[in-house]
Structures are given as C-alpha cells and as structure tokens.
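J.: Just dropping this structure here.
The values are calculated or read from the model by the stated rules, or taken from the named source; none is laboratory data. If you're wondering where the values come from, they're calculated on a predicted model, not measured in any experiment. Here the Cβ positions follow ideal geometry from the backbone for every residue, glycine too, while neighbour counts run over all protein chains shown.
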Amino acid sequence: MAKRRGSNSDSKTEDLPKAKLTKDSLRRARRLFSFVGPHKWKFLLGMVFLALTAATALVFPMLMGKLMGLIGGGGSGAGMQGMNAAAIDKLKDVKLSEDTKSKLLAMANGLGIQLLILFSLQAVFSFFRVYLFAQVTENMLASIREATFNQLVRMPMSYFSKNQAAELNSRISADITQVGDTLTTGIAEFLRQFIIIIGGVTMICFISGKLALLMLAVVPPVALIAVYYGRKIRTHSRAVQDRVADSNIIVGESLQGISNVKSFTNEGYEIGRYRKATRNIVEAAIRYAVSRGSFFSFIIFCLFGSIILIVWSGVQMTLHDQLTAGQMLQFMFYTLFVSASIGGIPEQYAQIQRAVGASERILEILDESPENLHAESADNSKHLKLAGNVKFQNISFFYPTRKDFTVLHSISFEANAGETIAVVGPSGSGKSTLAGLLLRFYDPVSGNILFDGKDAKSFDLTELRRNMAIVPQDVLLFGGTIKENIAYGKPGASAEEIMEAAKKANAWEFIESFPDKFETKVGDRGIQLSGGQRQRIAIARAVLKNPAILILDEATSSLDSESERVVQEALDKLMIGRTSFVIAHRLSTIRNADKIVVIEKGLVREMGTHAELMQHEDGLYRSLSQMQFQPSF
C-alpha cells in the first residue's frame, strides 16, 4: 500500500492500489462472496430495494415537472407563438377563470400527494437498502477478518520472514475496510447511478429526441472533464499535505534532538532546512491554487454555459410549441439527474477498482499454505507427553530468503532427558537458529531432529510445541494485565496456578508491590515493566506451561547484574527436571551445564563440559572464557 503522511483515512483509501476490472479479476474478487454465508438472501433483497430506490428517483422529475408546469396555466406554450413581448405581457395580466383555477389546484394537490407518497416509498426503500447491505457486509467482513487472521497466525515463520508485519496488518485493516466500504455503498451507488443514467436518458428521449441529442453531446463530456479536473485538484491538495508533513518532521526532529543541534552548532543548518521546506509548501500551494482557479473558471464557463445552451434551446422549442412548460421542466430535472450520476460514476468505478485490488491481496493470504496445526484438545490426558530426549543428526539449514548463505553445516549433538545443553559461540554463528529449528519454526534443509527417537516431522506441530517453552532475550508481553500474560502459558489456568507460577519465577514480590497486583496493566509490549520484571513474567509463563523441553535464548544478556541474579535464580529452578537448551553470551551462566556445544560459522567446533573445554589450549571456548573473565586494567 502506498504510504501517506499527514492525510486522513479517506486519502489513505484513495491511495490503495487499483486493479483493472477484467473477467479474471472480477471472478477472483467474487470468491469473497462465499463469506456471505446464510445472509445471501439479504443481499438479493437489498438489490431489489436498490432497484426500487432508483426507480422512484426516476419518477420524481416527471411529477415535479408536471407540478411546476401548472404555473404556466397548464404548461402549454400554445398560442404564444408569434406574439411580441408586449402581447405576452398583456396575456400575463389576464386572470384565469375560477373553473380553471379549481382544476389547476386539484391537479396540483393530486401531484403533491403523489410526490409525498413517492418520497415516503423512497425513504422506506432507502432505509431497507442501507440496512440490508450493512447486515450483509458487516457479517461478511467479520467472516473475512476471522478467516484472514486465522490464516495468518497459522502461517509458518518462513512466511513472516518474507512479509512485513505492517503490510500484513494493513491487509486486515485497510484492505478489508476498502472491501467493506465498496460493498456497503460503492457497488450500490454505482448500480443506482447506472440505472438513473439509463432510465433518465430513456425518459429524455421520450420527451424530446432533439434536446436529448443536444444534452448527450454537451453534458456528459463536460461532466467527465470536470471529474478529471477534480482528481487533479485532489492530487495537488495531497502534495500540499505532504510538504506540510515534511516540514513538521523537521520541526519534530529538531526539537526532539535539540541537544544535538546545539552541541554541533547546527542551528543555522536546521533553519535552512525548515526554510527550504516552507518554500516547498508555498510552491505546492500556489500550484494547488492555480488548479482550483482553473477548475472554477471551467465550471463557470463550460458547465453553466452548457446548461444555459440547453435551457435556451428548450425555451425556443417551448415558444415554438414543440414542448410544454411541464415537459421542459421534466427535461431539465432528468438532465440534472443524469449529469450528477455521470459525474459520480468515475469515482464509484475507481472505488470498485480499489476494492478488487484489495480483494486480490486478501485472497493472496487465504490462498497460502498454513502450518498443519490442530485445535486444543479439552482432555489433557490425551496430550503428547515427551520425555525430553533430543538429537540433532547432520542438520544443515539456510533461510528461505537467503538461500545463498548456509547458516548451519552438518550440526550433530544429543541431549538426554533432563540435561542442560549450553550453546555458545560468536554472534551470527547460528545459535538462535537452532532454537527456531527445535520449535519447528523452520525445517532443516538436510538432516533430522529426533524427539524421543522419532523424527520431528512425524509429530503434530501443536502437540510438539505444547511440550516446549522459550524464554527469549527480548520478551514480548501483550498489552493486558500481568495475570493475562502469565496465563498465556496455559489459557484457562486457575488463579492459584498463576500465583504459584509467579512465586517460582521470583515475580511474586514485585507483583504484590503494585496497587493492582495481578491486574496491573503492563502497557504496550510490556513497557510499564522493567526488563528484569518482563523476563520474570516470561519465566512464570513458561513455568505455567510446564514443558518437557525449555529453550533459553540469551534470557539474561540484556539485564543489569542485580536483575540477572534474580532472573538466573528463577531460571535455575525452572530448569530442574527438564531438558534445557541455553543459548548464552555470558559464559558464567552455563558453567554447570551438562554439555556445552561451541558453534562458529555454523559448524560445531567443540563439545564437552566446562572443565573439559577449558583443557583445550587453543580452544575457542577457552578463548571466549578468557576474554570475558580476564581482568582489565
């Protein structure tokens, strides 16, 4: 989606990519109608009310023309042909007879009642049209949103490495909203205006074929040119908004970084930048003003000129007894209706194009192949229970987005149930990639991972991941309460279970210090909590899950010494009785590991206990240890 700054939601939807309306694109977009489900009959009934709304709109000019035509004593121009101005003025002074007045009044009353009935019917038809289309659209959009989100959360990690989260979020928000707006109003208005154009032109032809030809030759081209000019003006308007947004960015950056501006003595530079931005605003605004002035001149001269031409021609025909005054007025009303509809059709067509483009992007998600996940089983006794034996057999791997760079080369090692395996090595050596392979975020390019002697691919993904928990370096907490974030490890857990998990994670003390305790809001991504507090919430979450296999990915590397001590104490308790994979930079945290696997450039360089690896004179682990523990002067 095109990026817009400083614009409202309407301009954002205008910037959505459009799709050409071909048979193939319309056929693909029609797939979304499968989400209508049981509300299909409401859509069909809404279409009936739409047709009735358009039909009643076409009756209005006819009745209104007849009513206003009564002002001329019946609307006839007969008898005035050949009269000069003085004679016409004398004729106007002649009073109508009482009988004629009564007849005209009765006709006016009858037409007034008909118009009242017409508007009542149109009000009813319009209400049910809008109500039914809203019912259909909102239920349909809810189904599309649910299906799209369900699909996204079930997609493999490789999909998210190729697609940005912001773009995917846009598809659920902007694209689905665009489809909804089009279904609710766009298509309905397009069809209504189309019916009015066809019906209006037909009625005009019946009234006067000569005037109809004149109108069709003048009004539609002028209306389309006006629409084109209107779009150009909106382009210039958005350009002004962009320039203003650019200037605001300069102000924001300068004020937020005012200490840098002053320390580098760049006040003059920032003033120059802002002066240039304001000059750009002036240039864009002048172009906008020129386009607006040109548009107003065009409207005054061409659009009103064409109306005057048609009125003049109609008056001439009326004076020559070729039209009655009532027919002339009917013609003018139909002309205005048709002109307005012709002017609105391009915008509705563009909205449908944007909706078709949005539909294609939504369908791209729905057509992807998700992971083979299964819903949670209510019976915990039926869940898979792993002992925790893990074996890597000649694992090689590269990421789908970087097939030219192999991250792991023939990695092999084994972890018995309950053991702690530490994985260390320089940055970029592939340590965190091993964690992703364990969780089957990705599958190895070659080799196998065995759990309790069985290939990882033979397990159901949901069951396999239910036996694992990860405590990462950067903990993401959801924007709810502490209680909700801990319970994420086991949805439906009791208050007692959540409390016990918090105590085991050394989180109980700081939670109790908050006024709202477990109901404390953690803020967006847990911003209300410190790094150590977030880590302990993540540990409590893992405790509650009670996994057979625990993955600690740099869980303490970003903490200060005191926070690290508290968190490490909680981790030590959590690792008891579980197979634990500890990825660490701080080697002091893994000295007691049952096995240390040293990886460099995707290869296993060394393997053994801390004492064994320290015996290697030129070993990588010993070198890393000496760099960390050697005192500096």
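J.: Restricting to segment 189-230, count the residues that are modelled with pLDDT under 75 and either in the same structural domain as MET64 (by TED's automatic domain parsing) or in contact with a Lys or Arg (Cβ under 9 Å, 6 or more places away or on another chain) (or both).
T.: Going through segment 189-230 one residue at a time, the tally reaches 0.
J.: Across segment 265-298, which residue is farthest from VAL219 (Cα to Cα) among those that are under 36 Å from the mean Cα position of the chain (by Cα) and among the β-branched types (Val, Ile, Thr)?
T.: Out of the qualifying residues, it is THR278.
J.: Does ILE233 satisfy the criteria of being surrounded by fewer than 19 Cβ atoms within 10 Å (Cβ to Cβ), modelled with pLDDT of 80 or more and not acidic (Asp, Glu)?
T.: no
J.: So is LEU624 crowded, with 20+ Cβ neighbours inside 10 Å and either modelled with pLDDT under 75 or in a helix (DSSP H, G or I) (or both) or not?
T.: No, not satisfied.
Results for (1) in the same structural domain as ALA226 (by TED's automatic domain parsing); (2) surrounded by 14 or more Cβ atoms within 10 Å (Cβ to Cβ), shown as yes or no for each residue.
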position	(1), (2)
ARG279	yes, no
GLU283	yes, no
ILE286	yes, no
LEU309	yes, yes
GLY314	yes, yes
GLN330	no, yes
PHE333	no, yes
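J.: Out of SER259, SER247, SER254, SER294, which single residue is touching a residue at least 24 places away in the same chain (Cβ under 8 Å), farther than 30 Å from ILE225 by Cα and in a helix (DSSP H, G or I)?
T.: The match here is SER247.
J.: Separate question: Looking at GLY602, is it modelled with pLDDT of 75 or more, more than 30 Å from HIS383 (Cβ to Cβ), small (Gly, Ala, Ser) and buried (at least 19 other Cβ atoms within 10 Å of the Cβ)?
T.: yes
J.: Can you pull out the residues in segment 462-478 that are surrounded by fewer than 19 Cβ atoms within 10 Å (Cβ to Cβ) and hydrophobic (A, V, I, L, M, F, W, C)?
T.: Across segment 462-478, the qualifying residues are LEU476, PHE478.
J.: Same structure again: Would you say ILE583 is assigned by TED's automatic domain parsing to the domain that holds PHE398 and surrounded by fewer than 17 Cβ atoms within 10 Å (Cβ to Cβ)?
T.: It is false that ILE583 is assigned by TED's automatic domain parsing to the domain that holds PHE398 and surrounded by fewer than 17 Cβ atoms within 10 Å (Cβ to Cβ).
J.: Now, a different point. Considering only segment 481-512, how many residues are more than 34 Å from the chain's Cα centre (by Cα), in a loop (DSSP other than H, G, I, E, B) and modelled with pLDDT under 85?
T.: 3
J.: Turning to a different aspect of this structure: Step by step: first the residues of segment 442-465, then only those that are in contact with a helix residue (DSSP H, G or I) (Cβ under 8 Å, 6 or more places away or on another chain) and not aromatic (Phe, Trp, Tyr), then the one that is nearest to ALA501 (Cα to Cα). Which residue is that?
T.: LEU464
J.: Looking only at segment 385-412, which residues are of a type outside the set (S, T, N, Q) and on the phi > 0 side of the Ramachandran plot?
T.: GLY388
J.: Mind checking which residues of segment 488-501 are closer than 16 Å to GLN533 by Cα and crowded, with 21+ Cβ neighbours inside 10 Å?
T.: If the condition is that a residue be closer than 16 Å to GLN533 by Cα and crowded, with 21+ Cβ neighbours inside 10 Å, then ILE498, ALA501 are the ones that fit.
J.: Related question: LEU152 passes all but one of (1) touching a Leu at 6+ places or on another chain (Cβ under 7 Å); (2) modelled with pLDDT of 80 or more; (3) within 21 Å of ARG354 (Cα to Cα); (4) aliphatic (A, V, I, L, M); which number fails?
T.: (3)
J.: Does segment 150-164 contain any residue that is of a type in the set (Lys, Arg) and touching a helix residue (DSSP H, G or I) at 6+ places or on another chain (Cβ under 7 Å)?
T.: No - not one qualifying residue is present in segment 150-164.
J.: At least 2 residues that are within 23 Å of ALA55 (Cα to Cα) in each: list the helices (runs of 4 or more DSSP H) lying fully within segment 92-186 that qualify.
T.: Qualifying helices (runs of 4 or more DSSP H): 98-153.
J.: Let me confirm something: among GLY252, GLY209, which residue is over 36 Å from the mean Cα position of the chain (by Cα) and loosely packed, with under 13 Cβ neighbours inside 10 Å?
T.: Among GLY252, GLY209, only GLY209 is over 36 Å from the mean Cα position of the chain (by Cα) and loosely packed, with under 13 Cβ neighbours inside 10 Å.
J.: Further question: Kindly provide the set of residues from segment 407-440 that are crowded, with 16+ Cβ neighbours inside 10 Å, in a loop (DSSP other than H, G, I, E, B) and not aliphatic (A, V, I, L, M), ordered by number.
T.: GLY418, GLU419, GLY425, SER429, GLY430, ARG440
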